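Please read the structure below before turning to the comments.
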Amino acid sequence: ALRKCSDLEKAFATAALVYNNYADPKGKLSKAETKSILQSQFWHVIQGQENKPKYQEIISFLDEESENKIDFEDFLFLLVSLTLMSDLLQEIKNMKTTK
């Protein structure tokens with residue numbers, strides 16, 4: 001089914017697949033699992049962001065000891081937030097792709 005999708009649809013489908021591969025039976029991620037996914041599969045986006053206050057706020061939230069779990073909407077919000085503050089976003093903006 002993904003072969004017929006646009007690049008944007010594939011990007012969101014990939015995010016959903018990654019999330020679902022790690023989610024518990026109730027469809028949620030622990031904060032520790034979320035942090036692990038970000039560090040292993042979102043490294044190029046978060047690299048170099050460690051000193052930014054918003055990044056530190058996100059990581060502090062994920063480091064908090066609590067039973068709170070991350071749902072898919074919150075997971076996407078984290079991805080978007082980290083992308084918006086990343087240096088990689090500026091590089092992407094400077095690139096053009098052929099259609």
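Taken over segment 1-52, residues that are at pLDDT 90 or above and of a type in the set (Asp, Glu) amount to 3.
The residues listed here are GLU67, GLU73; of these, the one that is of a type in the set (Asp, Glu) and either in contact with a strand residue (DSSP E or B) (Cβ under 6 Å, 6 or more places away or on another chain) or at pLDDT below 90 (or both) is GLU67. In segment 1-29, the residues that are within 15 Å of GLN41 (Cβ to Cβ) form Cβ pairs under 9 Å with partners that are open to solvent by 90 Å² or more (accessible area, probe 1.4 Å) and in a helix (DSSP H, G or I), at six or more places apart or across chains, as follows: VAL18/GLN41; LEU29/TYR22.
Identification of helices (runs of 4 or more DSSP H) wholly contained in segment 1-77 with 2 or more residues that are open to solvent by less than 100 Å² (accessible area, probe 1.4 Å) and either touching a Phe, Trp or Tyr at 6+ places or on another chain (Cβ under 9 Å) or among the small types (Gly, Ala, Ser) (or both) yields 7-22, 31-41.
Step by step: first the residues of segment 83-96, then only those that are in a loop (DSSP other than H, G, I, E, B) and in contact with a helix residue (DSSP H, G or I) (Cβ under 9 Å, 6 or more places away or on another chain), then the one that is surrounded by the fewest Cβ atoms within 10 Å (Cβ to Cβ). Which residue is that? Steps first, please.
At the first step, the residues of segment 83-96 found to be in a loop (DSSP other than H, G, I, E, B) are 85-86, 95-96.
Those left that are additionally in contact with a helix residue (DSSP H, G or I) (Cβ under 9 Å, 6 or more places away or on another chain): 85-86.
Details: MET85: 17, SER86: 20.
For segment 83-96, the residue satisfying everything is MET85.
Of everything listed in (1) over 16 Å from the mean Cα position of the chain (by Cα); (2) exposed (fewer than 12 other Cβ atoms within 10 Å of the Cβ), the single unmet condition for VAL80 is (1).
The values are calculated or read from the model by the stated rules, or taken from the named source; none is laboratory data. Computed from a predicted model, the values in this text were never measured in an experiment. Here the Cβ is made from the backbone with ideal geometry for all residues, glycine too, and neighbour counts use every protein chain on show. For the accessible areas, the whole protein counts, side chains as well, though only heavy atoms, and no ligand, DNA or RNA atoms are used. Shrake-Rupley method; radii C 1.70, N 1.55, O 1.52, S 1.80 Å.
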